[in-house]
Structure formats: C-alpha cells, structure tokens
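The structure under discussion appears below in the form of structure tokens.
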Amino acid sequence: MSHPFLRGLRASFPVVVGYCPIAFSFGLVSHEGGLPLWAAVLMSMLVYTGAGQFATISMLGMGTAPAEIVAAVLFMNLRHVVMNLALLPKLAIRSLGLRSLVALGVTDETFAVALFSGETALGSAAGMLGLNLGAWSSWWLGSLAGAWAAGLVPQALNRAMAVMLYGLFIGLLVPALRGQGGKRGLIIALAAMAAHLAARQILAPGWAIVAAILAGASVVFLLPEAPDEP
Amino acid sequence: MSPELPLILGLSLATALPRLAPALLGDRFRPPKALHRWLDAVPFAALGALIFPGILNADPTTPWVGVAAGAAALLASWLRAPAYGAALAAVLAAALAQALAQALI
C-alpha cells in the first residue's frame, strides 16, 4: 500500500467533489457582495468554513459591524470543539504542533470521513494531513475560480444574483433536515426564524442574528431527546 | 490597510479557536451532554436565522422576488438537487419574477 499521506489524500476525493461547486458559489457571491478577489481567496484559506463564510457575505450586505460578524461565526463554529474532542483522542498524536495542524483542518465533512470512511490511514497524522490538504486546497481553489468567473455573469442575471445566498442556505438546510436533523432540526430552524424576526425589532442587525441563533438552538432543550442521541 | 483584512483575521480566530482548543486541552475534558445537544442544534438555528426574514429583502422593491426564489430553492432541494442547484433555481426564479414585475408595472 502507498504512503498514509497519499491514502489520506485519496480519501479526500468525495469531499473535494462536494466542496468544488460550493466553493465556486462562494467565489461568485463574494464578488456580488463587493469583496475583492484576493479577500475571497484569503478568507477561504484562513477562515475555511462554509456556512460561516456565506453568512459573512450576507451580513456584510446588511451593513453588519465586523465584531458582530465575528461573534456570529464564532457561535456557528463552536461545534468544532465537540468534533475535535471526539476525533483527536482516536488519533493519539504526541506532538502538540502536529496535533494542532490536524485540528485546524477539521471540517464537518473531513470529520465524517475520518470517523466513518473505514480508511485505516486516517488513524495517523500523515493520513489526516493528506485528507485535510485535499479538502482545504479544493475549497480555496474553487473560491478563486468562482470569484474569477463572476465577472463573466450576464448583466440580466446580476440583480437576481442577490437571492443566490438564500437559495444556497435552503439547499443546505433541506438535506440536513432530511438526514440527521429531522423534525427536531425543522423546529429549531423555524424557532430561529421567528426569533430573528422578533430580535430585529430591538437589536442591531448583527446582534439580532447572534441572538436568534442562541435562542433557536436553545429550543432543543424543550424537545424530547431523540433515541439515537449520543 | 484595506478594510477586509482585520475582518478576515478576526474571522480566522473565530474558526481557529474552536478547532484548536481540544488539541491544546489534551484528552482530559469531556463536554457535558447538554452542551453537546445545544451545539448540535446551532447549525440548524444558524441556517434558519440566515434565511428568514432576510430573504424578503433580497430585492429591495418587492418581497415577492424573495418568496419566488425561496419556493424555487425549496422545490429544487425537495427534488434532491445539490445545494448549488437550489441556489441556481433561486436565481432563475428571481430573474423571472423581476421580469414579470417589470412587465406588470
């Protein structure tokens, strides 16, 4: 068998196929949102989070202050604490530097592949670095391609492009509800929508979104626990 | 300095810290079950709050453009189109709705 790094890189293939069109869409909407190409690519390299980056463009469009955007994205990404708490002990990487490098590359998708693909190379640092490098490269390269191609969009579609982000959010939410989210996920999403509508009356736009996320997620405690919940 | 740079750096901290914290903690800390449940719910709440009511203001002249786009995206993802397919459906529906609005006024 080949080197664990290469096997990890190969295991990233389904993630890469999934990331390319979403990253391309991010490049498109970031251009619509007035972000320069270098900023879109740098954001994909450093921030490296799907929904959070789209949320950033959407909030920039509402005129949200940077601190409020950062707070909203922080809350959206707190789930990675739990994921890495579950993943890292299985890898048993001694070196703190190497462990941190692996941890920085974890996303919802690479987490799922690492735990459920059955590829044994992903039990090592080299395998995980291969998986992460494949996914990360496709994310920022796809963003670059999208931001570049945005200049070629026909004029007639320009004004309609404003709804693209919302279409994408719906396109992410519906399959998630069909999968692990179920009825619970639907109730939480609807609660967050109602909370956002209410919060907008009293709070600045950015904080209204943060408050709606916190309130909506807290509704989970009012619902019965799912039998398969860990 | 361009205005985007501090935002991007702040955002990269917001995504790096949750990823790094467990690596720095070692294997000692296990999150309580309640925190686990709440964190699992956050992505659904975030998507909900991002979609509504913002979608109604996607076109500043009329909320119906957003409604048409949302319905098209719902239909597309109901038919198991991937996320970018739903985005494309929304854009096409919005373009149609805008053309229709222009023709009626």
Scan segment A:2-42 for residues that are over 26 Å from A:Gly171 (Cβ atoms) and assigned to a helix (DSSP H, G or I) and jot them down. A:Pro4, A:Phe5, A:Leu6, A:Arg7, A:Gly8, A:Leu9, A:Arg10, A:Trp38
Taking segment A:5-42 and keeping residues farther than 18 Å from B:Ile8 by Cα, surrounded by fewer than 21 Cβ atoms within 10 Å (Cβ to Cβ) and not hydrophobic (A, V, I, L, M, F, W, C) leaves A:Arg7, A:Arg10, A:Pro14, A:Gly18, A:Pro21
Note on segment A:209-226: residues surrounded by fewer than 22 Cβ atoms within 10 Å (Cβ to Cβ) and more than 19 Å from the chain's Cα centre (by Cα) are A:Ala211, A:Ala215, A:Ser218, A:Val219, A:Phe221, A:Leu222, A:Leu223, A:Pro224, A:Glu225, A:Ala226
Looking for whichever is more than 18 Å from the chain's Cα centre (by Cα), of a type outside the set (Val, Ile, Thr), in the same structural domain as A:Arg10 (by TED's automatic domain parsing) and modelled with pLDDT of 85 or more here; the options are A:Ala114, A:Ala135, A:Ala145, A:Ala92. Which one fits? A:Ala145
Residue list for segment A:76-106, filter: part of a loop (DSSP other than H, G, I, E, B) and crowded, with 22+ Cβ neighbours inside 10 Å: A:Val106
Quick one: would you say A:Pro224 is more than 20 Å from A:Ala51 (Cα to Cα) and at pLDDT 85 or above? yes
Just checking, does segment A:134-155 include any residue being within 26 Å of A:Gly27 (Cα to Cα), part of a helix (DSSP H, G or I) and within 8 Å of chain B (Cβ to nearest Cβ)? no
The correct count of residues that are crowded, with 18+ Cβ neighbours inside 10 Å, assigned to a helix (DSSP H, G or I) and of a type in the set (A, V, I, L, M) in segment B:68-84 is 7
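Yes/no matrix, rows are residues, columns are (1) in contact (Cβ under 8 Å) with a residue 24 or more places away in the chain; (2) hydroxyl-bearing (Ser, Thr, Tyr); (3) more than 18 Å from B:Ala87 (Cα to Cα):
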site	(1), (2), (3)
A:Leu157	no, no, no
A:Ala160	no, no, no
A:Met164	yes, no, no
A:Leu168	yes, no, no
A:Leu173	no, no, no
A:Gln180	no, no, yes
A:Arg184	yes, no, yes
A:Ala195	no, no, yes
A:Ile202	no, no, yes
Of the residues B:Leu96, B:Leu39, B:Leu56, which single one is more than 7 Å from chain A (Cβ to nearest Cβ), in a helix (DSSP H, G or I) and either touching a residue at least 60 places away in the same chain (Cβ under 8 Å) or closer than 22 Å to A:Gly206 by Cα (or both)? B:Leu56
Please work out if A:Phe111 is touching a residue at least 60 places away in the same chain (Cβ under 8 Å) and either assigned to a helix (DSSP H, G or I) or in contact with a Ser or Thr (Cβ under 8 Å, 6 or more places away or on another chain) (or both). no
In segment B:1-36, anything more than 7 Å from every other protein chain (Cβ to nearest Cβ), at pLDDT 85 or above and over 30 Å from A:Arg184 (Cα atoms) is listed as B:Leu5, B:Leu9, B:Leu13, B:Leu24
How many residues does segment A:177-190 contain that are facing chain B (nearest Cβ under 7 Å) and either surrounded by fewer than 16 Cβ atoms within 10 Å (Cβ to Cβ) or touching a helix residue (DSSP H, G or I) at 6+ places or on another chain (Cβ under 6 Å) (or both)? 4
Residue identified as over 25 Å from A:Ser117 (Cβ atoms) and more than 10 Å from chain B (Cβ to nearest Cβ) among A:Leu37, A:Leu6, A:Leu96: A:Leu37
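Per-residue answers, yes or no, for (1) over 23 Å from B:Pro18 (Cα atoms); (2) under 19 Å from the mean Cα position of the chain (by Cα):
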{"site": "A:Arg7", "(1), (2)": "yes, no"}
{"site": "A:Phe13", "(1), (2)": "yes, yes"}
{"site": "A:Gly18", "(1), (2)": "yes, yes"}
{"site": "A:Ala40", "(1), (2)": "no, yes"}
{"site": "A:Met45", "(1), (2)": "no, yes"}
{"site": "A:Gly50", "(1), (2)": "no, yes"}
{"site": "A:Met62", "(1), (2)": "yes, no"}
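The values are calculated or read from the model by the stated rules, or taken from the named source; none is laboratory data. Here the structure is a predicted model, which is why all the values come from computation and not from measurement. So basically every Cβ, Gly included, is an ideal-geometry build from the backbone, and we count neighbours across all protein chains shown.
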